[in-house]
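Here is the structure we will look at, set down as structure tokens.
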Amino acid sequence: MIHKYSLNGYNILLDVYSGAVHVVDDLTYRLVDFTSEDMTKETPAAAYEALSDYGEEEIDESYAELYEAFERGQLHAPDDYEQFANMMINASVKSMCLNISHDCNLACEYCFASKGGFGGERCLMSEEVAKKAIDFLIEKSVGRRNLEVDFFGGEPLMNFDVVKKTVEYARAKEQEYGKNFRFTITTNGLLLDDDKIDFINKEMHNCVLSIDGRKEVNDRMRPNWGGKGCHDLILPKFQKLVAQRGDKDYYARATYTRYNLDFMQDILYLYEQGFDQLSEEPVVSDPKLDFSIQEEDLPRIFEEYEALAKKLIEMKKAGEKINFFHFMIDLNQGPCAIRRLRGCSCGNEYVAVTPHGDIFPCHQFVGNDDWKMGNVLDGTFNVDIKKQFAKTTIYNKEKCRDCWARFYCSGGCNAANFEKNGDILKPYPLYCEMEKKRLECAIMMQAALAD
Amino acid sequence: MEKHIKTLNKANLKETAVKGGCGECQASCTVAQKCK
């Protein structure tokens, strides 16, 4: 399968099953339509007729290059990956979202977690539950060394003492069990102080700093419980954390809604404020809400992603250090094909644990008891649900079978699929279209930066 | 010297299927992620 598109003056051919990316001239861009999985060395006669505005010699020259790519396995490579779909069926659990707090000091309008409480009582995780969760992860991660634990909520800083004790507990187990814990934290920043900044910068492999960009954009969607925006409170705290973080990973993470489809301005604003690792996500919300993204917004969103890609090319060529999460793509290596079949591997290698110790396939399923997998306190763990997710690959998502992007998005977010379509196997087209546009921009940027 | 096509990468997805699957990379919340 070949995906071809033109963007920003570049004609791009993505050979889906080899991962090869070719930048081609106008003639070759048209000529590739006359090639197939069983192409031969001879230029098809129909090509001369259809491309009569070019000379035969030039067409032959271009076709010969296409045939060379075919011979190298970089054009019309076969789809040969379904045979690997059963690998990882019995994979160990090795990642955990630890919902350390089901409470929040903000009341963000778009919060998927019902403003921190996940639709239930507001509560904090006890030290006992957190330690049991770590024990569960160590026990279930047979054969794995690298383990990921993300402190999440709600607002994790509301329960920071337990965060610290959990890290200390896990670190003390690393050598004994041959594990390497990588901790991450997602915070709204309100409770950051020098002590917390020092601890986060020492212990957190990555940290996600939630801020939506321009003051008026942020404060419209991210008020406290009294209705007051948080921009002025969190910005200096995040700046201090990042200034002291050195080379360690972080993301200033924004959400865009229908209210700010000019979200490039928020990315550039955050860059001006000193953040160079940036992420901006489309809101995930009930389509009936005013701020929810609608299908009719897609052309405007595509335009914005393209403008952002062009701006980032210009900035990078000028030597500026700026990184946009969704335009990161490693065309030479990246994850192996096995990982790409499942992506995040929620419910199989990845679970979420609530303050009461309940286990869910991921943080997005928390609060829906139909998906409860067990509890770390009583040691229960439903392997049938794990198997259901283990079998969820791009090969049993019908809509993904013919999609060129499937080795990059891995079939989309299972939780979003369930929320929108009631089925983890049915991707939500609106998200698919945005993902495909981001990928096209990301690949085009690689072409432009290689010039 | 190729005149009409510039190939940007030496990707070989099939090779990663055969050699990959060690399971040590980040499994948690696109994967387009670092590998071994």
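The values are calculated or read from the model by the stated rules, or taken from the named source; none is laboratory data. Every value quoted in this text rests on a predicted model; they were computed, and no experiment measured them. Glycine gets a Cβ as well: all are built from the backbone with ideal geometry, and neighbour counts include every protein chain shown. Note: areas computed on protein heavy atoms with side chains; ligands, DNA, RNA excluded. Shrake-Rupley method; radii C 1.70, N 1.55, O 1.52, S 1.80 Å.
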Condition set surrounded by fewer than 24 Cβ atoms within 10 Å (Cβ to Cβ) and not in a loop (DSSP other than H, G, I, E, B), scope the range A:325-339, selection modelled with the highest pLDDT: answer is A:327
Do we have residue A:120 as modelled with pLDDT under 95 and either buried (at least 17 other Cβ atoms within 10 Å of the Cβ) or among the basic types (Lys, Arg) (or both) here? no
(1) within 29 Å of residue A:220 (Cα to Cα); (2) touching a strand residue (DSSP E or B) at 6+ places or on another chain (Cβ under 7 Å); (3) in a loop (DSSP other than H, G, I, E, B) all hold for residue A:286 apart from (2)
(1) more than 26 Å from the chain's Cα centre (by Cα); (2) farther than 23 Å from residue B:21 by Cβ all hold for residue A:114 apart from (1)
Within the range A:234-283, residues in contact with a strand residue (DSSP E or B) (Cβ under 6 Å, 6 or more places away or on another chain) and of a type in the set (A, V, I, L, M) come out as A:252, A:254, A:267, A:270, A:278, A:283
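Residues checked against (1) more than 23 Å from residue A:445 (Cα to Cα); (2) away from every other protein chain (no Cβ under 13 Å):
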residue: A:3; (1), (2): no, yes
residue: A:7; (1), (2): no, yes
residue: A:23; (1), (2): no, no
residue: A:26; (1), (2): no, no
residue: A:32; (1), (2): no, no
residue: A:37; (1), (2): yes, yes
residue: A:42; (1), (2): yes, yes
residue: A:49; (1), (2): yes, yes
residue: A:63; (1), (2): yes, no
Test: residue in the range A:78-91 that is modelled with pLDDT of 90 or more, more than 25 Å from the chain's Cα centre (by Cα) and more than 7 Å from chain B (Cβ to nearest Cβ)
yes
Only one of (1) within 23 Å of the chain's Cα centre (by Cα); (2) more than 9 Å from chain B (Cβ to nearest Cβ) does not apply to residue A:57, and that is (1)
Residue A:305 fails exactly one of (1) open to solvent by 30 Å² or more (accessible area, probe 1.4 Å); (2) in contact with a helix residue (DSSP H, G or I) (Cβ under 7 Å, 6 or more places away or on another chain), namely (1)
The residue from A:326, A:356 that alone is within 27 Å of residue B:28 (Cα to Cα) and at the interface with chain B (Cβ under 8 Å from one of its Cβ atoms) is A:326
Quick count over the range A:13-28, residues being of a type in the set (Val, Ile, Thr) and touching a Lys or Arg at 6+ places or on another chain (Cβ under 7 Å), is 1
Here the residues within the range B:22-36 that are modelled with pLDDT of 85 or more, facing chain A (nearest Cβ under 7 Å) and surrounded by fewer than 18 Cβ atoms within 10 Å (Cβ to Cβ) are B:24
When restricted to A:28, A:35, the only residue of a type outside the set (A, V, I, L, M) and farther than 30 Å from residue A:396 by Cβ is A:28
Please tell me if residue A:300 is out of contact with any Pro (no Cβ under 6 Å at 6 or more places or on another chain) and not in a helix (DSSP H, G or I). no
Cβ pairs under 6 Å, 6+ apart or interchain, first in the range A:263-281 and among the acidic types (Asp, Glu), second open to solvent by 10 Å² or more (accessible area, probe 1.4 Å), ordered by first then second residue, are A:266/A:214; A:266/A:217; A:276/A:321; A:281/A:255
